[in-house]
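Take a look at the structure below.
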Amino acid sequence: MTIQEFLEQFNMLENHLFSLAPDFNKGQGLFNLLKHLKNDGKIDGGLLEDLLLITRTRNKMVSTPTLGKDIS
């Protein structure tokens, strides 16, 4: 999987997460959304940790200029 493919998949995941809280202000960001979803009982602690790890990985990827590289 390339970084670009990962980012496309992440975008789909992010859109789904935001759809779980339609009244949530997207301007507050994904980390606040995840906290909101946990507080509403829509995701559990284990899933929250996984999503935070994936989000941190994504943030590192977008800060690198080599989007064509493979990831594992």
Which residue is nearest to the chain's Cα centre (by Cα), if the candidates are limited to region 1-23 and must be open to solvent by less than 30 Å² (accessible area, probe 1.4 Å) and among the aromatic types (Phe, Trp, Tyr)? Phe10
Considering only residues that are within 17 Å of Val62 (Cα to Cα) and not in a helix (DSSP H, G or I), which ones fall in region 8-35? Gly29
Give region 24-61 a look and list any residue that's in contact with a Lys or Arg (Cβ under 8 Å, 6 or more places away or on another chain) and open to solvent by 70 Å² or more (accessible area, probe 1.4 Å), or say none. Asp44
Filter region 2-22 for residues that are without any contact (Cβ under 8 Å) to a residue 24 or more places away in the chain and not hydrophobic (A, V, I, L, M, F, W, C) and give the result. Glu5, Glu8, Gln9, Asn11, Glu14, Asn15, His16, Ser19, Pro22
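The values are calculated or read from the model by the stated rules, or taken from the named source; none is laboratory data. As the structure is a prediction and not an experimental result, all values here were calculated from the model. In this analysis, Cβ positions are derived from the backbone assuming ideal geometry, glycine residues included, and neighbour counts consider all displayed protein chains. SASA here: full protein model, heavy atoms, side chains in, ligands and nucleic acids out. Shrake-Rupley method; radii C 1.70, N 1.55, O 1.52, S 1.80 Å.
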